[in-house]
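Structure record follows, encoded as structure tokens.
The values are calculated or read from the model by the stated rules, or taken from the named source; none is laboratory data. Just so we're clear, the structure is a prediction, and the values are computed from it rather than from any experiment. Cβ placement follows ideal geometry from the backbone for every residue including glycine, while neighbour counts extend to all protein chains displayed. Just the protein is used for accessible areas: all its heavy atoms, side chains included, with ligands, DNA and RNA removed. Shrake-Rupley method; radii C 1.70, N 1.55, O 1.52, S 1.80 Å.
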Amino acid sequence: YFLPFLIFLIILKFIFFNSSYLLISVFSGIKLVFGFLAIYFIVKEFLYRKASNPTSIYSAILSGLLYILMPTMTGSWDKALMSHNQVFLNPLMFYLLLRFFVDHNYKYLWGALILSFIFSPNFDLTSAPPFFAFYPLSVLFLMLYVAVILKKKLPWKGIIVGGIIFFGLQSFHLIPQILSLLDPGSFANVRVFDKESLIHEGIRYFIAVLPLAKVSVNILLPSIIKDLGWLSAVAPLIVILGFLFSRGRDKIILLTGMFFLITLFLLTANITNLGVEFYKKLFYIPGFSMFRNFIGQWLFVYSFFYSLLFGLAIFNIFDKLKNR
């Protein structure tokens, strides 16, 4: 599963760079640049039908800046983790699927499929937690956005064909991994389907890390610079004001806010005793034990919806101030 990505890096190094250090540095910069641009274009797309003035551009820029400057995006970059590719892969894939769902233009679907093949390590079985944390919620969001808010037909034929082609492109590593998953007694089979393993490894690990989950920390986004601690309150304050100014009439901000709250719960879990007990029950769903380290697995998707919500909220504030 690592082969397409490795060949991609070798080609980049051969053509553009003469050192591994330069390759790593530039590629890390590319992650942040494309992460920013993807968030920018997503927010612009959401606001396109509401305003074609500079207000939407400012909102999209600030949304993209918030996304790449979050502690989520700037921490642990000294580790060689493939999960860091989520910084740009998640918003970029979302944008390509958004344009395909809205415009029915297949070039966006082909772009998403090619991107998924190059970055196969982010779509294999070992990357299942970040994949299942982001894509089911994102696709559901896109379907609701197109069908409910835009009142357009979904390109079901393209979705089905795209799903088949996606599996075909990833089959060189997915088929062996699926066979291993279905093999009774194998490591993957035990981790996913064995009830005893589920209880001991899933729920016990969840309970052990539960005290680390704090709602306030995730909402306030505290700065690592002590003198800038007051900035932590800016983002949630803007979100609250944006909701107040919308007065429930802005469907897109309501939809984004709903997914923001869902991901906030999944990321923190420790919201009342009832919430904790409900979260424990989720571990009896086969495969949900992959989210036993829930703080790390849901962080990227939460940051994604937080940034979108921030951009939509600040647009409402700008629009209100402009009218006055």
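When the residues of segment 91-121 are filtered to those that are of a type outside the set (A, V, I, L, M, F, W, C) and over 29 Å from residue 252 (Cβ atoms), the one that is surrounded by the most Cβ atoms within 10 Å (Cβ to Cβ) is 120.
Please verify whether segment 227-241 includes one or more residues that are touching a Pro at 6+ places or on another chain (Cβ under 8 Å) and surrounded by 13 or more Cβ atoms within 10 Å (Cβ to Cβ). Yes, there is a match, as at least one residue in segment 227-241 is touching a Pro at 6+ places or on another chain (Cβ under 8 Å) and surrounded by 13 or more Cβ atoms within 10 Å (Cβ to Cβ). Output yes when any residue across segment 10-23 is over 30 Å from residue 150 (Cβ atoms), surrounded by 12 or more Cβ atoms within 10 Å (Cβ to Cβ), hydroxyl-bearing (Ser, Thr, Tyr) and more than 22 Å from the chain's Cα centre (by Cα), and no when none is. Scanning segment 10-23 turns up no residue that is over 30 Å from residue 150 (Cβ atoms), surrounded by 12 or more Cβ atoms within 10 Å (Cβ to Cβ), hydroxyl-bearing (Ser, Thr, Tyr) and more than 22 Å from the chain's Cα centre (by Cα).
Taking segment 139-177 as the range and being open to solvent by 50 Å² or more (accessible area, probe 1.4 Å), of a type in the set (Val, Ile, Thr) and within 23 Å of residue 114 (Cβ to Cβ) as the test, the residues that pass are 160, 161, 164, 165, 175.
From (1) without any contact (Cβ under 8 Å) to a residue 40 or more places away in the chain; (2) polar (S, T, N, Q); (3) in contact with a helix residue (DSSP H, G or I) (Cβ under 6 Å, 6 or more places away or on another chain), pick out the condition that doesn't hold for residue 216. Failed condition: (3).
The residue of segment 219-228 that is modelled with the highest pLDDT, among those that are out of contact with any Ser or Thr (no Cβ under 6 Å at 6 or more places or on another chain) and assigned to a helix (DSSP H, G or I), is 219.
What about residue 259, is it at pLDDT 85 or above and open to solvent by 70 Å² or more (accessible area, probe 1.4 Å)? Please lay out each step first, then the result.
Values: at pLDDT 85 or above: yes; open to solvent by 70 Å² or more (accessible area, probe 1.4 Å): no.
Judged against the criteria, residue 259 is not a match.
In summary, helices (runs of 4 or more DSSP H) completely within segment 104-216 and bearing 2 or more residues that are among the small types (Gly, Ala, Ser) occur at 106-118, 128-144, 156-182.
For segment 290-324, a tally of residues being small (Gly, Ala, Ser) and surrounded by fewer than 19 Cβ atoms within 10 Å (Cβ to Cβ) returns 1.
With respect to the conditions (1) at pLDDT below 85; (2) assigned to a helix (DSSP H, G or I), residue 284 falls short on a single one, namely (2).
Residue under question is residue 88, and the condition is that it be under 19 Å from residue 252 (Cβ atoms) and buried (at least 22 other Cβ atoms within 10 Å of the Cβ); does it hold? Walk me through how you get there before you give the answer.
Details: under 19 Å from residue 252 (Cβ atoms): no; buried (at least 22 other Cβ atoms within 10 Å of the Cβ): yes.
Answer is no for this residue.
Of everything in segment 262-289, what is open to solvent by less than 10 Å² (accessible area, probe 1.4 Å), within 21 Å of residue 221 (Cα to Cα) and in contact (Cβ under 8 Å) with a residue 60 or more places away in the chain? Give them in sequence order. Answer for segment 262-289, where residues must be open to solvent by less than 10 Å² (accessible area, probe 1.4 Å), within 21 Å of residue 221 (Cα to Cα) and in contact (Cβ under 8 Å) with a residue 60 or more places away in the chain: 263, 269. Return a yes/no flag: does segment 69-81 have any residue that is assigned to a helix (DSSP H, G or I) and modelled with pLDDT of 90 or more. So far as segment 69-81 goes, no, none of its residues is assigned to a helix (DSSP H, G or I) and modelled with pLDDT of 90 or more. Suppose the filter is crowded, with 17+ Cβ neighbours inside 10 Å and not small (Gly, Ala, Ser); does residue 4 pass it? Against the criterion (crowded, with 17+ Cβ neighbours inside 10 Å and not small (Gly, Ala, Ser)), residue 4 qualifies.
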